[in-house]
1. So, with +1 on the Cβ of K and R and -1 on the Cβ of D and E, and no other charges, what is the size of the charge dipole of chain A about its Cα centre, to the nearest 20 debye?
2. State the Cα centre-to-centre distance between the range A:200-253 and the range A:378-450 in whole Å.
3. So, by mean Cβ neighbours within 10 angstrom, what's the order for B:180-186, A:460-466 with the highest one leading?
4. If one takes the longest principal axis of the Cα atoms in chain B, at what angle in degrees, from 0 to 90 and to the nearest 10, does the Cα axis of helix B:126-150 lie?
5. About its Cα centre, what dipole magnitude does the range B:199-299 give when the only charges are +1 on Lys and Arg Cβ and -1 on Asp and Glu Cβ, stated in debye to the nearest 20?
6. Within straight cross-link reach of A:K65, meaning Cα distance under 25 Å, which lysines are found once same-chain residues fewer than 8 apart are removed?
7. Per DSSP helix of 4 or more residues, -39500 (n - 2.57); summed, then divided by the residues of chain A. What does that give at 222 nm, rounded to the nearest 500?
8. State the extension gain, in nm to one decimal, for the chain segment bounded by B:D553 and B:S376, taking 0.36 nm per residue of separation less the distance between their alpha-carbons.
Amino acid sequence: MKLNTNENKNENKKSGYVGGIILHTAAGYGFLSAGIVIAVVGAVVLALLPPLILGDIVDMLTTGKNLPLHMVILYFAMLALTGIMESARERLLTVFGQKITHAVRSRLMEKLIKLPADELNHQEPGNLVSRFVGDVDTVENLFTSGIISMFADACKIISILVVIWVKNMGLAMVLLLLLPVLFLFTRYVQKNMLASQLENRKAVGRASGHVPETLHNIRTIHCLMKERYMEEKYDGYIGQSYRAMEKTNFYDAIYSPVILILNAVVVAVVMLLSASGNTSVLTFFGMSAGTAVAVINYISEIFSPVESLGMEIQTIQSALAGIKRINEFLALPEKKETERAYSAGTDRKNNLPVVELKDVTFGYDEHVVLDNVSFAVNKGEQATLSGRTGAGKSTIFKLLLGLYEPQGGSVLINGIPSVSIRNGERRHLFGYVEQSFHMVPGTVKDQITLFDESISDDEVRAAAALTGLDETIMKLENGYDTMCTPELFSQGQWQLLSIARAAAAEPELLLLDEITANLDAETEKTVLQALKRVSKDRTVLSISHRTMAETGRIIPIQSNK
Amino acid sequence: MKKKENFNAGNFKADRIGSYFKAEWGVLAAVTISGLIYNLGLLAGPWFEGLMTGCLVDILGGRKGFYDMLTLVLAYVIATGIVQASRYIKRFYVRRFANNVNRRMKQVLYGSLVRKSRQEINEEGVGNVMTKAILDVDDCAEGMRKFTTEVFDTGVALLAYMGMLLWYDWRLAIISLLFPPVSYVAAEKMKVVVQRTGVAYKKQSGVLSDATLDRASNAITYRVFGCEEERREDYENKLSAYEKAAVKANIWNTMMTPLYRVISMVGVIFIIYFGGKNVLGDGWKLWDIAAFTTFLSCFTKLSVKSSKAAKLFNAVHKAQVSWKRIKPLMKSESTEADREADNGTRINRVGELEVDNLGFGYPNVPDNEKIFEGISFKAEKGQIIGVTGPVACGKSTLGKTFLCEYPYDGSIRVDGRELAQLDAKDRAGLVGYLGHDTELFADTIRNNILLGDNSDVDVLLREVCFDGEVADMENGADTMVGTGGVRLSGGQAQRLALARTICHKKPIMVLDDPFSALDKNTEKQVYDNLRSRSGETIVFLISHRLYMFPNMDKVIWLEKGRAEIGTHAELMSRVPEYARLYNDQKGGSADEA
């Protein structure tokens, strides 16, 4: 996508929002946008012509004139052209809608990268997905079945009214009075339908969530003999959706009959008035048989755009809600761009401690967690941060990883502020083992490499072997290429895999965050020893609540309360 | 569940599509009558419009008067009213029919799903198959609805229109009717492309959702490992693939419909030309202007309808495919099984448990490797037995062995009866299990504990030391816990699951690490409550935290597939690894908050 280039960054902030993205895309695909305008206008204008020609034909027939063949051909040609224009419009709109959604999603992903770690933690994954997928789809609908078709429908209504005005002024006035009422009725029905649809969707969501839940909890269900209870619950959810649907069905079934009866009434009134014989009425309603045919044609044509107009308003409303949510996401504060990204390889200063905290003060919101903390860990040293829960041990790790910036003092890795370390170098600098393993979708190998192709298969095996997992993995059906499922490994083995992930890129520094939570002391010691054995200059910094896991030097962290 | 009894009582066969139609005969009768009135009545519209135009010509020519028109107009409005009222009835009941079918099919499917064993669900992929089948039900019921609707709307209406056309001028009718089938054949040919691109689109959209979810849930991991830029590029590629697939799929869907209409409208050229001749008196038939307009508008309506015929066949085809997939799964076995279960008397007591030379290995492991072997011990009611050992030593597997999900070696006898030989219901009445996974439901705290039974929730909450926190929640015990209990902390979820297990007490209870997220004091309190309540039960407590082990009646130490069994004191002196682990934790406990 062209949108990702640097020029985008220099534009003012507003252009980063959905509106800006749309304009930018529309401008970027000039021919496409022009094509859409031509197709939309063309379809509207062309659709007006066939009834006019038909009217002429009928009039010629009533006066007993012979039909010239070209009139017949012209009638059909206009019908065909309208169809072709509509087809082109749909085609171009589809392409355009997709361009827009692509651009919006790219932009959202860029934004995700720029979010500060705090914000990332606050975002619920399910919510983010509905922003990226659901909300963006509503933006697409805005184009494919919202604004543009609304414009087309409005044009259609107006142009039909104009033609009728010319042909039969009285009818035009009747319609002008009738259309707003009709429109309000349409909106009323649609609003009620939407409300019960939402209700239905909620119930459907509950019912469909019930199935995976059943699968997941099947052991408990069988164990407690709750099959019948679960069935009844499921039926209850379906019942809820059923009742909501019944309401939708009512409105759905009532709408079209009402419209068509109205249609018939209007035709009847016009016919009656033009047959009245009263001269003052006839100045408004008088018409020839040909005009009558054309007018009947138009009347049925003016009702369908009113109906679609209502739907389009609904689409636009939900799209606006979607856009609002997207814009809120795009407006979230971004993490500070550091002026210059350091390379820990080339900018490093020798003989400095690998990790150094100097008078670090840090807190979340008002609450100060770290107050003037200083310590240093030298190359090859093994150290453990020790302190009570809430003393800020994990926070120190987050500072070291560059997820947060200290409010006072400095956090240095090889003498470089941790937030300034270049992204691509992070992996070779530190390996981080979290408290629990985060599985990524993919094979066992992907778990270790995190899709980094620069890590060779040998390195992957070496890392796994370090943790003693190699043998287990080789026994799997496809070895390292086995697709991962949560059931593949035991809890302890997942933790070992997490260590393999951290060690795969041969980092200088290993950060182990309470990995004892899921490992027994025995396994933990084996792992730490294995890590230590392989690399003499590897520095290891770990967090533990438990004394038994502490190895090497202990750095006490005082909680600030 | 009155409805349900109903359809099981009759000779309803869940795997016969006809049964569903038969069960809904009342609704379908309403649909049939109103459908016939509506569709035959549709002819009234064009017919009246023709007459009115003709009448207008006559009035303008002075041959007819105002009152002729008035009668005509009134008849027109009344006829339209009746026709549209029938339409309303038809639409409403067709949808009700679809709803009923949908609900029935889902009941049947879910009933058999919830009775499938865990192995069938997880390993043989039955879970996935059934989940898809439940989705298929929507397609299937929708297809049945469309089929029922279109039998009238397309079938009857097309025939009626054709009859009318043929009656007015059969030669002209035949010529003009040549074209709608052409458009239909074209649509049929395109269907393959539409389906292929549609499948590709669905697949890409799944890929994109998965990628988004992964990116969102593992955001911190990717950031920490510096993979964000690379992941972004990967996402960008997925976006491009999605865009391509989406454009391809939607273009065929949206672009072709207007073109099909154009093809089927070719007939109007002939109608106007030859119809014009008819009016002028030098054609095949003698027409007035009314006949001309009626014929033309009939044809227009017919061609619009026939462009929808393609949709009808698509829906029916889709329904057939869905039905074929779900048919083998449709067996309404549920109620009989339950009834039987309710009648039989079940064992619900245990005196003595005897485990002899117990061994276990998963069936599909190469070389028939065992996770543990040769475990023998006895236990009697009122005892709490601790199970521990290094990571992946098989302690969780030992606990699960009591569920008999897979065959085991040796024997587990409950008062002399072999556990594996009891039927599933008996076993479920005997063995309670709480695993690592708390398996909570997206419901209130109360419902999660009771699961439809009656008991005092407050007492149960107190017993697991969860009463205080629950009281502080906004709705107390009626607070929703979220999917899988996401709104609770790990320790809260564990205690809730424990309360549920205690509520549905079984003579043998296997608790796999129920205290891992609790602090030491709470752990002790919950343990003491458990102890005072377990007079009639045998409890297995699997854990890697050993604080409570001195209080247990027996300890099983598992290592490298072998078990050492004895009291805490015996193991302390006999197994050095056990002693070291225990002492390590004891020392560490001072440090814990």
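1. 820
2. Rounded to whole Å, the Cα centres lie 44 Å apart.
3. By packing density, highest mean first, the sequence is A:460-466, B:180-186.
4. Compared with the principal axis, the helix lies near 20 degrees.
5. 340
6. Excluding near neighbours in sequence, the set is A:K167, B:K64, B:K277, B:K285.
7. -20500 deg cm²/dmol
8. Full extension from B:D553 to B:S376 adds 62.2 nm.
Here, each number is a calculation from the coordinates, and none is a lab measurement. Predicted, not measured: the structure shown is a model, and the values here were computed from it. Reconstructed Cβ throughout: ideal geometry from the backbone, glycine too, with neighbour counts over all protein chains shown.
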